[in-house]
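Asks: Structure in structure tokens, see below.
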């Protein structure tokens, strides 16, 4: 393990985070709010950044293990450092701020705030910006603008970008990272324009676009998106849907005009699930709750997309929906968006692969002599990718159940504990019962908050990057 | 530049590594998905598993935008067919093909069509053979590069304790010498310097000098304080370990110079074949790691050249030969990882055939015209022979007033068949060729470009 270089990359991350706070500081100065929380937090970030000068002699090589360590520790460090403005502003305690920041960076959107509207605008802006940075990946941003990491960058990319297989769009890792961030930035700008067109002011449009594109779900209003016009809600649905698509496909379509992306297996599965689930919800809402067509469909599509992309915005309290619809939404949380998107969850592609394996096994049971190999998009799924997908599903459920045990131990009822665990590991945010869309996580015992914080970070990094840090074999010199 | 490498072979890997270092965008395509995964794991390239003729792969690598296409699979035929087939898709790209079979490489008629106009043949074995002959002609050198068909050589020597250069400044030496020897680069503790006047020599420095056709090697040997007696090739006995293709070709070259080398070959059948084709050489049937055999053959005047197909045996037998008193051992190897250990092991010179092609290919990737290019010192030293164009900053001024960038030196000057060593008073004209040597650090490439760029 190249510890010195790991420290160096972490110090660069601290520098980057410190610079990112300039935007929030600017908001504070323009709006005329107290800039001190940001200045103090930037001073701390600056102090950590000094490590950069101490680690000058580091060798630049990074191996797989280094990539994992950098991403694991990097995310833990980022969630602590970026939470400082909340602490210095006096709005949260240490544990609450870590929970809130981790919830932001992992684009979960679970909040411990009972009333967000009392927070200053600059604090709310920072809260949304954190989500935006975490959505595409803060280390990916580091690779994009600090292109010195070379091959080491690939190790970091592998550990941070979600999905069962990692391909670069273009030969160099740094260029790949840059393209992803440029795309992300461009679609976010489009989203801001769309929100402003539907009546939001610039700051609120930006805050919400950040949270939408990151599939985060932090709002500046207690009522979330219900506080805005129907057209804003429709735009939000569209952009959440786009953010849940693999950015590789966006790249192909936009940069290369490749219309074959519309035939992508995962995209079709993802869109299919969204449309079917939304129609079920919409029709049920029309029939059982007497909502008119536009309202029912708006609420259905909005909440289904919000949940499957693990955003967690709400435009209606779905806790008041018929129970079976709530259970459908819980199931969608497990699914998540597409690989290579900003969404969380297990990812559609993995579930498609597991489904293919299931079908292959069925075929084998029917005709024992038949040779069956699960295929995805026309080619055989490599055994290690198949394994990875299966184990991801298993570990996802296992970690979630472990979290349920701890949460019930600190006093939560089963439904709340279950949905909170699921909503955190899948980076959704709101669950049902006491953590429903209009509720929050403030009442949970500190032990529960700490556990959920780790769960959120683990979920964002697809579990293994964080879990591996708890296993002694990772730390042993081999 | 956009580069497509077809074949995740050791050759492809060596080339990809240097291209990435210079900041090019590289795609690698191979059918072997394990080799591809390996490549993607440790090089900053995009590696794709599949057939290059697959339309999906072709559009993935954006073949039409490729500036250079390298066909370096294990099969000559495959490489040639690939280049022919892709020519229609990207006629403007430069092609480089790895071709091993001498039947192909020696017959220039085969390479005449328009589709091969932009093609370069990568012939590592032939390059290695030429290098070997150069090394044998320049005794004591640990590395050699040749330009303009051998008119210019860059040769590296190790300074011994007691050399008149040790402890002196470069500017003092120059002033006192009756004849000029141009030291173009020095390697010390794995770092490469382009020496300025203030540079002080230490013993064990490895220095490169430029040798021009017609100049006397003995003068340079005097300058560096090297033993003159090595200079006569006739005084040496040449012992070649391994009678494969390389061993045979070297023996024949030495025969043409009137020498009678000894070739040791392990297979009796192959040894017989050698006897049939060689005239003056002695062919022995035996194992090059056999101590008794080597003891019998080696004395203080022996130059041992290890050319078997097994690089580990090459290294071990070279070390053994040195231990038994041979005055020089040269070895052939294939694994880039061994590059650094050859001098540690006590091998005098080591040749990595695939590495010889990197310089050639990198020369094509420059944004200015380059007639010949070579890499030395495992890639730490870059030597480029460049034609000068009217209007280039290097043209028409005294070299002294030019202010060459730090880390670049003009090592030789070629004008109308005349070769000279450049000095402060030299003025380059358009149409001349200059050998530029640089230590390949930082933005050297950009600096050299600024010397040669013609403003339009």
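The values are calculated or read from the model by the stated rules, or taken from the named source; none is laboratory data. The structure displayed is predicted, hence computed values, not measured ones. Cβ placement follows ideal geometry from the backbone for every residue including glycine, while neighbour counts extend to all protein chains displayed.
Asks: Check off (1) touching a strand residue (DSSP E or B) at 6+ places or on another chain (Cβ under 7 Å); (2) more than 30 Å from residue B:368 (Cβ to Cβ); (3) loosely packed, with under 14 Cβ neighbours inside 10 Å for residue B:73 and give me the number that stays unchecked.
Replies: It is condition (3) that residue B:73 fails.
Asks: Here are some conditions: (1) farther than 30 Å from residue A:61 by Cα; (2) in a helix (DSSP H, G or I); (3) under 14 Å from the mean Cα position of the chain (by Cα). Residue A:109 meets all but one. Which one does it not meet?
Replies: (2)
Asks: Moving to a separate point now. Could you list, in sequence order, the residues of the range B:37-49 that are more than 27 Å from the chain's Cα centre (by Cα), in a helix (DSSP H, G or I) and more than 9 Å from every other protein chain (Cβ to nearest Cβ)?
Replies: B:37
Asks: When the residues of the range B:185-196 are narrowed to those that are out of contact with any strand residue (DSSP E or B) (no Cβ under 7 Å at 6 or more places or on another chain) and at negative phi, which ends up surrounded by the fewest Cβ atoms within 10 Å (Cβ to Cβ)?
Replies: My answer is B:191.
Asks: While we're on this one: Taking helices (runs of 4 or more DSSP H) that do not extend beyond the range B:283-360, which have at least 2 residues that are buried (at least 23 other Cβ atoms within 10 Å of the Cβ) and modelled with pLDDT of 90 or more?
Replies: Result: B:311-323.
Asks: Hey, does the range B:55-63 have a residue that's within 21 Å of residue B:353 (Cβ to Cβ) and either surrounded by fewer than 17 Cβ atoms within 10 Å (Cβ to Cβ) or over 23 Å from the mean Cα position of the chain (by Cα) (or both)?
Replies: Scanning the range B:55-63, I find no residue that is within 21 Å of residue B:353 (Cβ to Cβ) and either surrounded by fewer than 17 Cβ atoms within 10 Å (Cβ to Cβ) or over 23 Å from the mean Cα position of the chain (by Cα) (or both), so the answer is no.
Asks: Give just the number: which of (1) within 22 Å of the chain's Cα centre (by Cα); (2) surrounded by 14 or more Cβ atoms within 10 Å (Cβ to Cβ) does residue B:367 not satisfy?
Replies: (2)
Asks: From A:200, A:213, A:196, grab the single residue that is in contact (Cβ under 8 Å) with a residue 24 or more places away in the chain and surrounded by fewer than 24 Cβ atoms within 10 Å (Cβ to Cβ).
Replies: A:200
Asks: Looking only at residues that are more than 19 Å from residue B:259 (Cβ to Cβ) and surrounded by fewer than 19 Cβ atoms within 10 Å (Cβ to Cβ) in the range B:222-243, which one is modelled with the lowest pLDDT?
Replies: B:228
Asks: Regarding residue A:224, is this residue under 25 Å from residue A:345 (Cβ atoms), out of contact with any helix residue (DSSP H, G or I) (no Cβ under 8 Å at 6 or more places or on another chain) and crowded, with 21+ Cβ neighbours inside 10 Å?
Replies: For residue A:224, the condition - under 25 Å from residue A:345 (Cβ atoms), out of contact with any helix residue (DSSP H, G or I) (no Cβ under 8 Å at 6 or more places or on another chain) and crowded, with 21+ Cβ neighbours inside 10 Å - is met.
Asks: Could you go through the range A:412-426 and let me know if any residue there is away from every other protein chain (no Cβ under 14 Å), in a loop (DSSP other than H, G, I, E, B) and within 22 Å of the chain's Cα centre (by Cα).
Replies: yes
Asks: Only one residue in A:368, A:374 is without any contact (Cβ under 8 Å) to a residue 24 or more places away in the chain and touching a strand residue (DSSP E or B) at 6+ places or on another chain (Cβ under 8 Å). Which one?
Replies: A:374
Asks: Right, next: Give me a count of the residues in the range B:222-232 that are touching a helix residue (DSSP H, G or I) at 6+ places or on another chain (Cβ under 7 Å) and under 28 Å from residue B:315 (Cβ atoms).
Replies: Adding up the residues that qualify gives 2.
Asks: Looking only at the range B:23-36, which residues are under 21 Å from residue A:174 (Cα atoms) and either in contact with a helix residue (DSSP H, G or I) (Cβ under 7 Å, 6 or more places away or on another chain) or at the interface with chain A (Cβ under 9 Å from one of its Cβ atoms) (or both)?
Replies: If the condition is that a residue be under 21 Å from residue A:174 (Cα atoms) and either in contact with a helix residue (DSSP H, G or I) (Cβ under 7 Å, 6 or more places away or on another chain) or at the interface with chain A (Cβ under 9 Å from one of its Cβ atoms) (or both), then B:23, B:24, B:25, B:26, B:27, B:28, B:29 are the ones that fit.
Asks: Within the range B:51-89, can you find the residues that are facing another protein chain (nearest Cβ under 10 Å) and either touching a residue at least 12 places away in the same chain (Cβ under 8 Å) or over 21 Å from residue A:172 (Cβ atoms) (or both)?
Replies: The answer is B:56, B:60, B:61, B:62.
Asks: For residues in the range B:1-16 being surrounded by 19 or more Cβ atoms within 10 Å (Cβ to Cβ) and in a helix (DSSP H, G or I), which is farthest from the other protein chains (Cβ to nearest Cβ)?
Replies: B:11
Asks: Further question: When the residues of the range A:153-189 are narrowed to those that are more than 10 Å from chain B (Cβ to nearest Cβ) and surrounded by fewer than 18 Cβ atoms within 10 Å (Cβ to Cβ), which ends up modelled with the lowest pLDDT?
Replies: A:165
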